[in-house]
Amino acid sequence: MEDSKFEASITDDRPILVSQEEIEKRRRITSSTLASFAVDNIPINPDTQHIFKDFVEGKIATNEEVTALLHAHYTKVALENN
């Protein structure tokens, strides 16, 4: 994982795109999901964690945007590994 990607997600000043109520809902869902991953011993990819964090915190508005960002990330990784 590149530190600059992680740091950017912490310090960026993008606006919050969803309501506080939606952020709280996303936090609850993410907490439950991460707990399930831990119970099943499923590793979390640190290279994409910033995308999910930005979604939970409301800096990414939709699931479609998350999907597009993940697709772009994994396409780039696949091309780099060929």
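Collect the residues in segment 5-29 that are at pLDDT below 95 and in a helix (DSSP H, G or I), keeping them in residue-number order.
Those that are at pLDDT below 95 and in a helix (DSSP H, G or I): 5, 6, 7, 8, 9, 10, 11.
Between 67, 33, 48, 62, which is open to solvent by less than 80 Å² (accessible area, probe 1.4 Å), among the β-branched types (Val, Ile, Thr) and over 22 Å from residue 13 (Cβ atoms)?
One residue alone meets the criteria, 33.
Is there any pair linking a residue in segment 69-82 that is touching a residue at least 12 places away in the same chain (Cβ under 8 Å) and more than 22 Å from residue 59 (Cβ to Cβ) to one that is of a type outside the set (Asp, Glu) and in a helix (DSSP H, G or I), with Cβ under 9 Å and at least six apart or on different chains, and which?
Qualifying pairs under 9 Å: none.
Considering each residue of segment 70-82, count those that are of a type in the set (A, V, I, L, M, F, W, C) and either farther than 25 Å from residue 13 by Cα or touching a strand residue (DSSP E or B) at 6+ places or on another chain (Cβ under 7 Å) (or both), and give that number.
3
The values are calculated or read from the model by the stated rules, or taken from the named source; none is laboratory data. Note that this is a predicted model, so its numbers are computed, not measured. With ideal geometry, Cβ positions are generated from the backbone for all residues, glycine too; neighbour counts draw on all protein chains shown. Note: areas computed on protein heavy atoms with side chains; ligands, DNA, RNA excluded. Shrake-Rupley method; radii C 1.70, N 1.55, O 1.52, S 1.80 Å.
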